Amino acid sequence: MIFVYILTIIIAVLVILNSAAPKRFDLNRSIEINAPVSTVYNYLKYIKNQDDWSPWKRKDPDMKQEFEGTDGEIGFISRWKGNKEVGEGEQELKHLVENESILSELRFFKPWNSQSDAYFQIKGLSENSTRVIWGFSGKNKFPFNILMLFFNMEKSVGKDFEEGLSSLKSILENK
């Protein structure tokens, strides 16, 4: 009978945590870059350029990478296998709107299996000024949604986005 009570309590706690846990996420950061919108867009649409400014490339400069398709075109896939900080996964270019947005699908295999949508929103502010929003969004599936109650994605991934955007700004402003 004690086992039944304990099991009931555990199930009740999981149900309560699951109902309180976030079911979706959308994390993004933005930066203003002193460069024309076309320059920014034409640089960002090439996924291989991420090697020059990505914070994750710096975390594992020796990660194994392979590519499929034509970079900068829908259907291009970049695969990586790295240390435990960058894990293993792939990014597929899914949608391009010239000088406005770049959408890709991120599929992570390690350290855990997940899928999310990555995006760049690009907006010309003036002839030589562009705002870039870099983000990713998706669903938090059970039981990982419960873990999100105790993991601050804004703090940990947000700082990586800020670091990457700062490097991107530096590259594009010094072209």
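Things worth noting here:
- Three-way shape label, the range 43-99, alpha-carbon gyration tensor, a/c 1.5: prolate
- Cα centroid separation - the range 26-43 against the range 81-105, whole Å: 16
- Here the range 64-133 is treated as an ellipsoid with the same Cα gyration tensor; its semi-axes, largest first and in whole Å, are 27, 14, 11.
- Dipole in debye (nearest 20) - the range 49-120, about Cα centre, beta carbon charges: Lys, Arg +1; Asp, Glu -1: 460
- I74-Q121 pseudo-label distance in nm [points 7 Å out on the Cα-to-Cβ vector]: 2.1
We did not get these values from a lab; they are worked out from the coordinates using the rules stated. Treat the numbers as computed from the prediction; the structure is a model and nothing was measured. We place every Cβ from the backbone using ideal geometry, glycine too, and count neighbours over all the protein chains shown.
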